[in-house]
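J.: My questions all concern the structure below.
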Amino acid sequence: AEEMKDLERVIRFEEKAVEAMGAAKGDLELPEDIAKLARGEKTGKVVRSDHARLYVNVGGVELAVSAAKLPPRKLVDAAAAGKPDMYAATSYYFLRGAPDGVKALLPTLSEEERARLERKQQALKAGEAEMAAETAYKEIVTAIRAKQWKQVREKVIVFDAVHGQTAIGQQKTSA
């Protein structure tokens, strides 16, 4: 429930940022895939917005640009014109995979909010470590099936050193 509330805050934050960009009606540097549609044009003029999309005029043609295609910093900066929800801004950076943005905004948060985001970061890192361990284990199994014993020995040593403390590592080490 707490995570759903956070997600709703982030969605509202993104919508407000897009709305602010739409109201400013400034120039927008186009994402690469949109620029291709616009025959290589690099910028367009924002004409309006709705929810999580900006509509940009490029050479007389109106193109939709989703917020997900914009750099996270651009949206956070747009939201900063008003009084942004700093926890939502930090969460937005987190969800968009922008660790530098998270790091910059963490000091602006309350202890409780910082702790919540740090728990999310730890859970993400732990999940990534488990996925890496699973991949490494599959590489060992592939080397065993190919009877590449020198590689098996090397991979087992690395697996134990790097992934031995993960849940997958502890589970698969005996195998």
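The values are calculated or read from the model by the stated rules, or taken from the named source; none is laboratory data. Worth saying up front: this structure is predicted, and the values here are computed from it rather than measured. Every residue, glycine among them, receives a Cβ derived from its backbone with ideal geometry; neighbour counts consider all protein chains shown. We work out accessible area using only protein heavy atoms, side chains counted, and drop any ligands, DNA or RNA first. Shrake-Rupley method; radii C 1.70, N 1.55, O 1.52, S 1.80 Å.
J.: Restrict the check to the range 107-120 and report whether at least one residue is more than 16 Å from the chain's Cα centre (by Cα), open to solvent by less than 30 Å² (accessible area, probe 1.4 Å) and without any contact (Cβ under 8 Å) to a residue 24 or more places away in the chain.
T.: Scanning the range 107-120 turns up at least one residue that is more than 16 Å from the chain's Cα centre (by Cα), open to solvent by less than 30 Å² (accessible area, probe 1.4 Å) and without any contact (Cβ under 8 Å) to a residue 24 or more places away in the chain.
J.: Could you check how many residues of the range 53-81 are in contact with a strand residue (DSSP E or B) (Cβ under 6 Å, 6 or more places away or on another chain) and closer than 18 Å to residue 12 by Cα?
T.: Residues that pass the stated criteria total 4.
J.: Taking the stated definitions as given, is residue 146 of a type in the set (A, V, I, L, M), farther than 30 Å from residue 70 by Cα and either modelled with pLDDT of 95 or more or touching a strand residue (DSSP E or B) at 6+ places or on another chain (Cβ under 7 Å) (or both)?
T.: Yes; evaluated as a whole, the condition is true for this residue.
J.: Continuing with the same structure: Run residue 43 past the list (1) out of contact with any helix residue (DSSP H, G or I) (no Cβ under 8 Å at 6 or more places or on another chain); (2) surrounded by fewer than 17 Cβ atoms within 10 Å (Cβ to Cβ); (3) under 30 Å from residue 119 (Cα atoms) and report the number of the one that doesn't hold.
T.: The failed condition is (3).
J.: Please pick out the residue among 19, 32, 62 that is charged (D, E, K, R), open to solvent by 50 Å² or more (accessible area, probe 1.4 Å) and within 30 Å of residue 128 (Cα to Cα).
T.: Matching residue, one of 19, 32, 62: 32.
J.: Restricting the search to the range 124-173, which residues are of a type in the set (Val, Ile, Thr), within 30 Å of residue 99 (Cβ to Cβ) and either in contact (Cβ under 8 Å) with a residue 60 or more places away in the chain or not in a loop (DSSP other than H, G, I, E, B) (or both)?
T.: Answer for the range 124-173, where residues must be of a type in the set (Val, Ile, Thr), within 30 Å of residue 99 (Cβ to Cβ) and either in contact (Cβ under 8 Å) with a residue 60 or more places away in the chain or not in a loop (DSSP other than H, G, I, E, B) (or both): 135, 158, 162, 168.
J.: Out of the residues in the range 70-106 that are farther than 26 Å from residue 56 by Cα, within 14 Å of the chain's Cα centre (by Cα) and charged (D, E, K, R), which is least open to solvent (accessible area, probe 1.4 Å)?
T.: Checked the range 70-106; the qualifying residue least open to solvent (accessible area, probe 1.4 Å) is 100.
J.: For residue 90, state whether it is closer than 30 Å to residue 157 by Cβ, at pLDDT 90 or above, not aliphatic (A, V, I, L, M) and not in a loop (DSSP other than H, G, I, E, B).
T.: So residue 90 does not fit the description; no.
J.: Take residue 11 and decide whether it is open to solvent by 70 Å² or more (accessible area, probe 1.4 Å) and either closer than 24 Å to residue 82 by Cα or of a type in the set (A, V, I, L, M) (or both).
T.: Taking the combined requirement at face value, the residue satisfies it.
J.: While we're on this one: Determine which member of the set 103, 172 is under 30 Å from residue 27 (Cα atoms) and charged (D, E, K, R).
T.: 103
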